[in-house]
Each structure stands twice: as C-alpha cells, then as structure tokens.
C-alpha cells in the first residue's frame with residue numbers, strides 16, 4: 001500500500017510537468033483550433049532565452065518576466081509572419097507548417113546553444129517537500145504555479161472583455177467578426193499567450209529534465225496526450241489530464257510486469273485511446289454537435 | 001470554460017473535396033512518366049538505382065496514406081507501424097523460413113490489411129485530432145513492441161535482422177539493384193492501377209462521400225463503419241507491401257527505422273504531393289528522400305533549419321502541393337493548344 005501511495009505521489013509530481021504543457025497546448029487549440037506540433041520547441045527556445053539572460057547575470061525572477069514578455073511577442077510574430085499567410089491553406093498544409101517550424105527552432109537552438117545538457121536553477125529549492133522523498137519543493141512549487149496559472153486563465157477568459165472576445169473568435173468566427181471582434185488579432189493573441197504559457201512551462205520543467213534542445217520531445221507527447229485526455233476544449237481538463245497521465249504512467253511502470261521505462265509511453269497512450277473510445281471528446285471536453 | 005454555451009459546430013471540412021477525375025493523370029502524361037521510370041535506370045549508377053527504388057517504395061507508402069486521407073478523409077500518423085509490420089513480415093519469412101522474397105509481399109500485404117482493418121474498428125469512434133493521437137500511439141508503440149524480449153527469437157530484438165538481396169532470376173545479365181528496381185516498378189504500377197480503379201469504383205465513391213459529408217453519406221445508405229475500416233485496411237495493406245519491399249531493398253530491418261519520425265515524413269510527403277492527388281505521391285516521396293540530403297549539403301549544423309525553411313517555401317508557394325503545379329501546367333498547355 002505504501003508503494004502504491006508513493007507511486008501516486010511520484011505520478012502527481014511528473015504529472016505537474018505534463019499539466020503545464022497540456023495547458024499551453026489547450027490555449028493554442030482554443031485560439032487556432034489545431035494542435036501545434038512546434039509548441040514544445042517554442043517552450044524550449046524560451047527556456048534557453050531565460051538561461052542566457054541568467055548567464056548574463058540577470059536575477060532569476062527578472063529573467064523569468066523578460067522571457068515571458070519576449071515569448072509573448074515572439075509567439076505573435078511567428079503567427080503574423082508564418083501562419084497568417086497560411087490561414088486560407090488546407091488544414092493539413094498548416095500542420096506541415098508546424099512540423100517545419102519544429103525543425104527550424106530545434107536546429108537553430110542546437111546551433112546557438114549546442115546539444116550539451118545544462119543544469120537549470122530553481123527558485124523553490126530541491127529539498128524533500130513535507131518530508132516526502134518523492135516530491136521535492138520544486139515539484140510542489142511547480143504544482144502551485146500551474147494551479148495559479150489555471151486560476152488566472154479562468155478569470156481572464158470568464159471575466160474580461162478580451163477573454164470573451166477570444167472565446168467568441170474561436171468558437172463562432174463569423175458571428176464574432178459581425179459584432180466587431182478582430183478575429184485575426186485574437187488568433188495572434190492566442191499564439192502569444194500560448195508561447196508565454198509554454199515559456200513558463202519550460203522554465204518550470206527545465207530543472208527536472210535538464211536543459212537541451214531535445215528536452216521537450218517526450219514532454220510534449222505527454223502534454224498532447226494529457227490535453228486530449230482532458231478534452232481539448234477545457235483548460236481545467238488539461239490540468240487534470242496531465243496529472244492522470246503522470247499517475248497512469250507511474251502505475252503502469254510499477255505494476256505491469258515487464259513494462260519498464262521503454263513501454264511506459266505506449267501503455268499510457270493505449271490507456272488514453274481506450275478512454276477516448278469510451279468518451280470521444282475527452283473527460284471534460286464539450287461534445288461537438290454536428291448540424292445535419 | 002464556456003460549458004454554458006451550447007455550441008453547434010457545422011462540421012469543418014478537414015480534407016478538401018477532390019473530385020475523382022482530378023485524382024489521376026491523363027493517359028499521355030502517364031505514359032511519359034512510365035517511359036521515364038523505365039529508361040532512366042538503364043543509364044544510372046547502382047547507388048542512384050537504389051535511391052530510385054526507395055523513391056518508388058516511399059511513393060507507395062505515401063500513396064497508401066493518400067487513399068486513407070485524400071480518399072476517405074481519415075488522418076493517420078501510424079503508417080510507420082504498418083510499414084514496420086510489412087517489413088518484418090518479409091524479413092522474418094525470408095530469413096527464418098526461407099520463403100521466396102516475391103511470395104512474402106502478398107503475405108505482408110494481407111497481414112497488414114488485417115491489422116489495419118482491426119485497428120480501424122476502435123478508430124471509428126474517433127476523428128480529427130483524436131484519431132491523430134490514436135494512430136500516433138500506434139506509431140510510438142511499434143518500435144518498442146518489436147524490441148520486446150518475448151519476440152526476440154523472430155525479430156532479432158534491438159539488433160534487427162539482415163536480409164539477403166535477391167539475384168536477378170533466369171540468369172538475366174543485370175545487377176541485383178537493377179533487378180530489384182524493375183521488380184519494384186512492376187509492383188508499384190500494379191498497385192497504382194489498382195488504387196486508381198479502387199477510387200473510381202463503388203467503394204471509392206463511398207470513401208469520397210464519407211470524406212465530404214459523413215452524415216449525408218450514411219443517409220444515402222453508405223455503410224460508414226464498413227467503408228472507413230475498409231479504407232484503413234487497404235491503406236495498411238499497401239503500406240505493408242511497401243514495407244516488405246523496403247526491407248528487401250535496404251537489406252536490413254531494425255525497430256528504430258520505423259519510428260514516428262518516419263510516419264511524419266510520410267505525412268509531409270502526402271502534403272507536398274497534394275492531398276488526394278495520387279500521382280503526387282511520387283513527388284512527395286522525392287521530397288522526403290532528397291530534400292533532407294539537399295539541406296544537409298547546404299549546412300551541416302543547420303540542416304534541420306534549412307529543411308524547415310524549404311518546407312515552408314513549398315507550402316507558401318503551393319499550399320495544395322504538386323497538384324496545384326499540375327493544374328497550372330494543364331491550363332498552360334490547354335491555352336497553347338488553342
């Protein structure tokens with residue numbers, strides 16, 4: 001039984017990483033209606049920027065804030081420069097664009113900062129949290145920040161004009177345009193916010209997975225899986241999905257014989273697919289109704 | 001967050017409606033392409049012939065994805081898994097059971113058809129990104145499954161299997177590479193003709209009806225579940241044959257050759273070639289084989305970035321892929337004739 005609770009705790013702490021990433025995925029999905037395959041690489045690049053700032057002697061929290069600002073602007077710039085012209089292209093072509101962006105960012109980061117693994121500092125320290133060996137103060141801090149972020153997003157979308165406009169632009173673009181919402185800029189704003197959230201996720205994850213150009217590969221997969229599991233339309237679902245995926249993954253690794261590290265991902269994914277077959281819109285997603 | 005808002009979404013069309021006549025080439029153009037494919041290898045070095053063989057094989061795999069996505073509107077990131085099953089089936093039959101290489105291909109095809117058909121069953125409930133995730137799961141699981149100790153006796157585990165290259169039969173005085181090229185060419189042409197006819201048939205019309213409007217299709221009496229799984233099966237079957245040929249051509253199968261990266265490459269090939277335009281498959285295949293090499297030769301350190309930029313250029317210039325180029329050429333030729 002103790003093993004079981006310990007595994008759940010460990011699952012929650014890895015789940016926090018996925019939850020962060022899933023939140024960023026859902027953000028952009030809300031704004032542009034696609035999964036952005038380059039999301040993880042954007043987050044990785046932001047994390048490198050913050051690392052570089054710290055190398056130049058800027059204190060942690062300043063670097064944190066500057067990075068978020070830079071990422072926000074960067075996200076908008078990418079949308080304006082690369083994806084705005086593709087807005088009318090077929091969806092699959094846009095997906096190819098995400099893959100191209102992935103390749104460009106990954107390769108550039110490798111050239112600028114090379115592929116050696118770098119330590120990344122944490123403001124929360126890494127001593128055991130509340131006497132538990134499995135969850136460190138950093139991971140607890142990470143969970144805390146994720147929850148704060150979720151609350152902030154909820155308030156933003158539910159109680160501000162811009163949040164309402166973004167929701168309108170994403171769900172019914174034509175009508176939103178008719179009432180005077182600039183839907184094209186709402187999409188750009190969505191990219192900016194997704195990039196900023198991605199930056200936060202990257203900065204929080206980096207002390208755990210270490211900093212390198214490929215750090216996001218695995219994390220993004222789990223982030224997607226978590227977002228889809230929770231339902232792509234619900235930020236709350238994404239966070240819950242993230243924790244669930246973390247727990248699934250740990251329990252599968254412990255209790256199913258012969259699984260080990262290699263098969264953890266396929267098993268977690270298989271489980272998610274099973275859930276989706278039963279609940280096709282994810283756990284907390286709104287079922288999409290089709291007009292006949 | 002907007003749970004209170006009851007949303008009625010009119011179904012966005014993920015895949016363009018390509019009419020079936022626009023899916024193929026005219027007879028004249030087809031024969032020209034065929035003549036080129038027959039003649040060029042006679043004047044090429046063995047390595048070039050090998051690359052051309054791979055071009056045909058990847059072309060088949062892209063074609064298979066094109067039938068699934070361009071034909072029936074379903075999306076798959078799991079093609080690498082079926083390719084792997086095909087490759088391993090051929091390799092194991094040839095090396096462990098001494099079956100003739102030509103006979104292993106239909107077996108690989110049938111096996112993959114079955115696998116695809118079965119996988120299509122749970123996939124029925126999913127569409128769009130959810131289907132993408134499910135197929136993605138399949139693609140990530142496959143290399144790990146092939147590495148499992150339990151299957152190692154057949155699959156050779158992490159090391160994989162070495163496959164012997166077949167000699168030209170009947171004492172023909174041509175090199176192994178050239179024989180394999182023409183062997184592949186014949187199979188490719190056969191599958192291409194099969195695919196074109198499939199899409200023109202009753203089943204093909206059913207696929208396209210589902211792609212364009214699922215509800216309308218089912219209202220007209222199309223068995224949506226059957227045809228969706230059938231599309232998965234056919235696509236997987238063709239991919240399996242391609243995989244078998246690939247194993248014979250590369251002379252080696254190993255789990256890490258068939259990762260998600262390969263599935264993504266096939267997807268890019270389909271987009272570059274033009275979704276729903278079957279002849280474009282070969283163009284897409286050329287893109288995924290040659291462009292990474294070009295990128296590498298431009299800059300070693302930044303090859304990924306160069307590849308990305310080239311890909312962006314292609315989709316900016318021709319968002320509809322090679323099909324768009326073909327349409328433009330057709331118009332020009334038409335004006336010229338007049």
Q. Out of all the residues in the range A:220-234, which are crowded, with 24+ Cβ neighbours inside 10 Å and either in a helix (DSSP H, G or I) or away from chain B (no Cβ under 14 Å) (or both)?
A. A:220, A:222, A:223, A:224, A:225, A:226, A:227, A:228, A:229, A:230
**Q.** One residue from A:82, A:86, A:65, A:92 being surrounded by fewer than 21 Cβ atoms within 10 Å (Cβ to Cβ), out of contact with any strand residue (DSSP E or B) (no Cβ under 9 Å at 6 or more places or on another chain), without any contact (Cβ under 8 Å) to a residue 12 or more places away in the chain and at the interface with another protein chain (Cβ under 8 Å from one of its Cβ atoms)
**A.** A:86
Q. How do the helices (runs of 4 or more DSSP H) wholly within the range B:43-124 filter down when requiring 3 or more residues that are free of Cβ contacts under 8 Å to residues at least 60 places away in the same chain: which remain?
A. B:79-97, B:101-123
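Can you tell which of B:215, B:264 is within 14 Å of chain A (Cβ to nearest Cβ), part of a helix (DSSP H, G or I) and touching a strand residue (DSSP E or B) at 6+ places or on another chain (Cβ under 9 Å)?
Details: B:264 fails: touching a strand residue (DSSP E or B) at 6+ places or on another chain (Cβ under 9 Å).
It is B:215.
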Q. Out of the range B:127-156, which residues are more than 8 Å from every other protein chain (Cβ to nearest Cβ), assigned to a helix (DSSP H, G or I) and within 14 Å of residue B:84 (Cβ to Cβ)?
A. B:135, B:138, B:139, B:142, B:143, B:146, B:151, B:154, B:155
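Answer with yes or no whether residue A:214 is out of contact with any strand residue (DSSP E or B) (no Cβ under 7 Å at 6 or more places or on another chain), part of a loop (DSSP other than H, G, I, E, B), at pLDDT 80 or above and closer than 30 Å to residue A:103 by Cα.
Spelling it out, residue A:214 is indeed out of contact with any strand residue (DSSP E or B) (no Cβ under 7 Å at 6 or more places or on another chain), part of a loop (DSSP other than H, G, I, E, B), at pLDDT 80 or above and closer than 30 Å to residue A:103 by Cα.
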Q) In this structure, is residue B:43 within 14 Å of chain A (Cβ to nearest Cβ) and at pLDDT below 85? A) no
**Q.** Test: residue in the range A:30-47 that is touching a strand residue (DSSP E or B) at 6+ places or on another chain (Cβ under 8 Å), part of a loop (DSSP other than H, G, I, E, B) and closer than 15 Å to residue A:203 by Cβ
**A.** no
Q. In the range A:114-124, how many are touching a strand residue (DSSP E or B) at 6+ places or on another chain (Cβ under 9 Å) and either at pLDDT 80 or above or loosely packed, with under 13 Cβ neighbours inside 10 Å (or both)?
A. 4
Q) Of these, B:321, B:276, B:301, which one is over 18 Å from residue A:99 (Cβ atoms), in contact (Cβ under 8 Å) with a residue 24 or more places away in the chain and either within 14 Å of another protein chain (Cβ to nearest Cβ) or under 12 Å from the mean Cα position of the chain (by Cα) (or both)? A) B:276
Q. Residue B:244: touching a strand residue (DSSP E or B) at 6+ places or on another chain (Cβ under 9 Å) and under 26 Å from residue B:89 (Cβ atoms), yes or no?
A. no
Q. Could you count how many residues in the range B:167-212 are closer than 25 Å to residue B:54 by Cβ and in a loop (DSSP other than H, G, I, E, B)?
A. 6
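The values are calculated or read from the model by the stated rules, or taken from the named source; none is laboratory data. Bear in mind the structure is a predicted one, so any value in this text is a computation, not a measurement. Here Cβ is always computed from backbone atoms with ideal geometry, including for glycine, and neighbour counts include all displayed protein chains.
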